[in-house]
Amino acid sequence: MKEPILDDIISRLANSLPAPAPACLHEFPGPLNLPLDLLPVPLERLRAASVLVPIVRDPAGSRILLTQRTAHLRHHGGQISFPGGGAEPEDVDAIQTALRESAEELGLPSDQVHVIGYLDPHVTVSGFCITPVVGFVPPDLSLQPDPNEVSEVFEVPLTFLMDPANHQRRTVQIKDRELTYHTIVYGPWNIWGATAAMIINLAEKLALVPPEGA
């Protein structure tokens, strides 16, 4: 698959959501990714969160940086994720949350991130409403992951993640209903759930895959 032109990513994401990004899904007039009765709290009580979707801008081939959370974490321990977390009162917007959390988790300097836009908000069964913030980062950054939060840091070629042939669907039974979720397997890494959904949403924004339900 041909690598998406990075200028195309910038132009498409610039028009994908109004800025500033909404604090949570109940403020966003888009589709809800979970049935309302599966949410642990009402929409207006979901905790606002943000993640950074870091695209490593490298002439040798762009990549997306991902982490594996340490197994002991209360929420989504051991899973593959983007750096990020819950909003704090001092955060002025989703970008500040994503950059602050990325600095805390990875030692990623905020001034090394060029934010280019947002993906669609995503709600989780753990009660978070996540705004994904997409940004370019330079290659060969000297990161210092926090061992209490991050067990591994790795990168996956952007072309692999954007290729629909690598997007798989699985089903799970929750409260007597069958729900579909996405997985992307790359080497030993099984990327699934919210992280896979955000990656596929990026592919949708780039018109590389049809939107969900289309």
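Can you name the number of the only condition in (1) open to solvent by less than 40 Å² (accessible area, probe 1.4 Å); (2) in contact with a helix residue (DSSP H, G or I) (Cβ under 8 Å, 6 or more places away or on another chain); (3) polar (S, T, N, Q) that Gln144 fails?
(1)
Tally up the residues in region 37-49 that are farther than 10 Å from Thr124 by Cβ, open to solvent by less than 70 Å² (accessible area, probe 1.4 Å), at pLDDT 75 or above and not in a strand (DSSP E or B), please.
Summing the residues that are farther than 10 Å from Thr124 by Cβ, open to solvent by less than 70 Å² (accessible area, probe 1.4 Å), at pLDDT 75 or above and not in a strand (DSSP E or B) in region 37-49 gives 2.
How many residues does region 175-207 contain that are at pLDDT below 95 and open to solvent by 60 Å² or more (accessible area, probe 1.4 Å)?
11
Within region 105-131, how many residues are in contact with a helix residue (DSSP H, G or I) (Cβ under 6 Å, 6 or more places away or on another chain) and more than 22 Å from Gly61 (Cβ to Cβ)?
So the count comes out to 8.
Could you tell me whether any residue of region 64-86 is buried (at least 21 other Cβ atoms within 10 Å of the Cβ) and at pLDDT below 70?
Scanning region 64-86 turns up no residue that is buried (at least 21 other Cβ atoms within 10 Å of the Cβ) and at pLDDT below 70.
Which pairs do you get when a residue that is under 14 Å from Pro138 (Cβ atoms), found in region 99-116, comes within reach of a residue that is of a type in the set (Lys, Arg) and modelled with pLDDT of 95 or more, reach meaning Cβ atoms under 8 angstrom, with the pair 6+ apart or on two chains?
Correct list of pairs: Ser110/Arg100.
Checking Ser142 against (1) modelled with pLDDT of 85 or more; (2) within 15 Å of the chain's Cα centre (by Cα), which test does it fail?
Failed condition: (2).
Can you pull out every residue in region 122-150 that is of a type in the set (Ser, Thr, Tyr) and closer than 30 Å to Pro40 by Cα? Can you show your working first?
The initial filter retains those residues of region 122-150 that are of a type in the set (Ser, Thr, Tyr), namely 124, 126, 131, 142.
Selection gives Thr124, Ser126, Thr131.
Does region 87-125 hold any residues that are out of contact with any strand residue (DSSP E or B) (no Cβ under 7 Å at 6 or more places or on another chain), modelled with pLDDT under 90 and hydrophobic (A, V, I, L, M, F, W, C), and which are they?
Within region 87-125, Val92, Val125 qualify.
Checking the conditions here, which among Leu119, Leu108, Leu52 is among the hydrophobic types (A, V, I, L, M, F, W, C) and either open to solvent by 20 Å² or more (accessible area, probe 1.4 Å) or over 13 Å from the mean Cα position of the chain (by Cα) (or both)?
One residue alone meets the criteria, Leu108.
Which numbered condition in (1) at pLDDT below 65; (2) open to solvent by 60 Å² or more (accessible area, probe 1.4 Å); (3) within 15 Å of the chain's Cα centre (by Cα) is the only one that Ala21 fails?
(2)
Sort through Pro83, Pro121 and tell me the only one that's within 24 Å of Leu13 (Cβ to Cβ) and touching a Cys at 6+ places or on another chain (Cβ under 9 Å). Walk me through how you get there before you give the answer.
Values: Pro83 fails: touching a Cys at 6+ places or on another chain (Cβ under 9 Å).
Only one candidate passes the filter, namely Pro121.
The values are calculated or read from the model by the stated rules, or taken from the named source; none is laboratory data. These figures come from a predicted structure and were not determined experimentally. Here Cβ is always computed from backbone atoms with ideal geometry, including for glycine, and neighbour counts include all displayed protein chains. To get the accessible areas, we keep the full protein, side chains included, count just its heavy atoms, and leave off ligands, DNA and RNA. Shrake-Rupley method; radii C 1.70, N 1.55, O 1.52, S 1.80 Å.
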